[in-house]
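Here is the structure we will look at.
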Amino acid sequence: MRRTSWWHWLATVCMAGLLSACGSGSDDKDPTVVEIAQGDPQFSLLAEAVVAADLAGTLSGAGPFTVFAPTNDAFASLLTELGVTKQQLLADKTLLRAVLQYHVLGAQVPKVSVPVGKAITPLQGGIFKIDSTTGGLVVTDGRNRQARILATDVMASNGVVHVIDKVLLPANKTLVATAQSLPDFSILVEAVVAAGLVDTLNGNGPFTVFAPTNAAFAKLLAELGVSKEQLLADKALLTQVLTYHVLPGRVLKADVPVGSAIVTVQGQTFTVDSTLTITDGRGRKARITGTDVLASNGVVHVLDTVILPKP
């Protein structure tokens with residue numbers, strides 16, 4: 001064989017081998033997040049929903065995405081909760097898109113990088129949060145419903161999938177509506193109405209509200225020596241006290257600045273210590289007895305004592 005022919009033969013063989021290797025490698029490519037749903041029977045309802053919402057193209061894109069994927073059992077529970085059939089849910093494209101995009105983050109977030117206790121913003125907007133419990137990771141959605149994360153880090157070519165046992169739903173109540181739905185805050189709601197603060201606290205915000213219970217208001221009335229009617233009639237005092245319970249911005253428990261002065265909408269400050277006890281402007285103490293009640297325009301923390309600014 002002449003030298004030039006030998007080099008030509010070698011080059012041809014090497015090129016054929018390279019093309020063969022490239023072809024076999026493509027078979028090993030990870031599926032997209034959509035293909036994972038379509039290829040696993042436990043996600044058949046999710047796959048149908050993604051197609052019905054016209055999101056298959058989006059979620060087959062480059063991403064990266066993080067998808068919290070509800071199982072078929074999770075969708076069955078949702079249908080019962082909403083009182084609708086699968087056909088009715090799939091036909092409501094607006095609702096379906098909002099719900100599905102609430103399950104998707106615009107970044108790849110493996111389990112090790114989940115921001116525990118922090119506000120997480122999905123593609124749909126709004127927030128949810130994830131907490132670490134003795135039973136594993138738990139998601140709290142915008143309606144304060146909880147879903148367990150059953151499996152994590154199912155890797156896709158364009159992101160990662162975490163499996164959940166309940167369909168998440170975005171918030172559908174403002175701070176005021178949230179307080180109205182909880183009987184232990186009926187006096188707080190009366191006070192907000194009397195002070196003319198309903199529209200403000202129904203606004204975009206977001207706000208953080210430290211919400212005194214009815215028992216907390218009863219203690220305040222005894223402390224001040226006034227009746228509820230007298231307190232509600234003093235709009236100037238009421239406004240000053242209520243706005244002292246509100247922070248501009250959404251501050252979840254994990255982000256409360258322990259030991260630092262916290263500036264309220266009213267203008268004065270209070271502090272929170274490591275036991276979640278507030279010291280107000282008059283040196284009085286109030287315990288935070290509940291945290292991270294989510295609303296569409298903020299978050300509520302529950303107080304056992306009405307806090308007061310300096311006179």
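The values are calculated or read from the model by the stated rules, or taken from the named source; none is laboratory data. Because the structure is a prediction, the values reported are computed rather than measured. Quick reminder, even Gly has a Cβ in these numbers, built from the backbone with ideal geometry, and neighbours come from all protein chains shown. Note: accessible area is taken over every heavy atom of the protein model, side chains too, but ligands, DNA and RNA are not part of it. Shrake-Rupley method; radii C 1.70, N 1.55, O 1.52, S 1.80 Å.
Rounded to whole Hz and in sequence order, give me ³J(HN,Hα) for region 123-137 from the Karplus expression 6.51 cos²θ - 1.76 cosθ + 1.60, θ = phi - 60°, writing x for Gly and Pro.
4, 5, x, x, 9, 9, 9, 10, 10, 9, 10, 4, x, x, 7
I'd like the FRET efficiency for residue 92 and residue 157, computed as 1/(1 + (r/R0)^6) with the beta carbon distance as r and R0 of 30 Å, rounded to 0.05.
0.50
Expressed as a rounded percentage, what relative contact order does the chain have, with Cα pairs under 8 Å and six or more residues apart?
Result for the chain is 14 percent.
What list of ³J(HN,Hα) couplings, whole Hz, do you get for region 59-64 from phi and the Karplus terms 6.51, -1.76, 1.60, once you set θ to phi - 60° and write x for glycine and proline?
Coupling constants for region 59-64: 7, 9, x, 5, x, x Hz.
Answer rounded, prolate or oblate for region 20-150, using the Cα gyration tensor with square roots of eigenvalues a ≥ b ≥ c: rounded when a/c is under 1.5, else prolate when a/b is larger than b/c, else oblate.
oblate
Calculated from DSSP H runs of 4 or more alone, at -39500 (n - 2.57) each and per residue, what is the 222 nm mean residue ellipticity of the chain, nearest 500?
-10500 deg cm²/dmol
Go through [x] 1.38; [y] 0.98; [z] 0.93 and flag the label whose value is the computed Cα Rg over 2.2 N^0.38 Å for this structure.
Of the labelled values, this structure produces [x].
Taking the Cα centre of the chain as origin, work out the dipole magnitude from +1 charges on Lys and Arg Cβ and -1 charges on Asp and Glu Cβ, in debye rounded to 20.
Computed charge dipole of the chain: roughly 580 debye.
Could you tell me whether region 189-304 comes out rounded, prolate or oblate from its Cα gyration tensor? Rule is a ≥ b ≥ c as square roots of the eigenvalues, rounded for a/c under 1.5, then prolate if a/b exceeds b/c, otherwise oblate.
Oblate is the answer for region 189-304, as a/c is 1.5 or above yet b/c matches or exceeds a/b.
State the answer as a single residue: which of 39, 101, 224 lies farthest towards the positive end of the charge dipole of the chain, with beta carbon charges of +1 for Lys and Arg and -1 for Asp and Glu, about the Cα centre.
The one lying farthest along the dipole's positive direction is 224.
Please give the charge dipole size of region 126-242, origin at the Cα centre, charges +1 on K and R Cβ atoms and -1 on D and E Cβ atoms. Round to the nearest 20 debye.
200 debye
Give the shape of region 223-287 as rounded, prolate or oblate, defined through the alpha-carbon gyration tensor: a ≥ b ≥ c are the square roots of its eigenvalues, a/c under 1.5 means rounded, and otherwise the shape is prolate if a/b is larger than b/c and oblate if not.
It comes out prolate by the Cα gyration axes.
At a 1.4 Å probe radius, carbon and sulfur cover how many percent of the accessible area of region 194-244?
For region 194-244, the apolar C and S fraction of the accessible surface comes to 57 percent.
How many Å² of accessible area per residue for the chain, probe 1.4 Å?
49 Å²
Pop out the carbon and sulfur fraction of the accessible area of region 41-102 as a percent, whole number, probe 1.4 Å.
Of the solvent-accessible surface of region 41-102, carbon and sulfur hold 59 percent.
Skipping prolines and chain starts, which residues have an amide H placed within reach, meaning under 5 Å, of the one on residue 167, given they are 5 or more residues away or on another chain?
For residue 167, the qualifying residues are 78.
Explain nothing, just the number: relative contact order of region 219-303, from Cα pairs under 8 Å at least 6 residues apart, as a whole percent.
Once normalised by length, the contact order is 18 percent.
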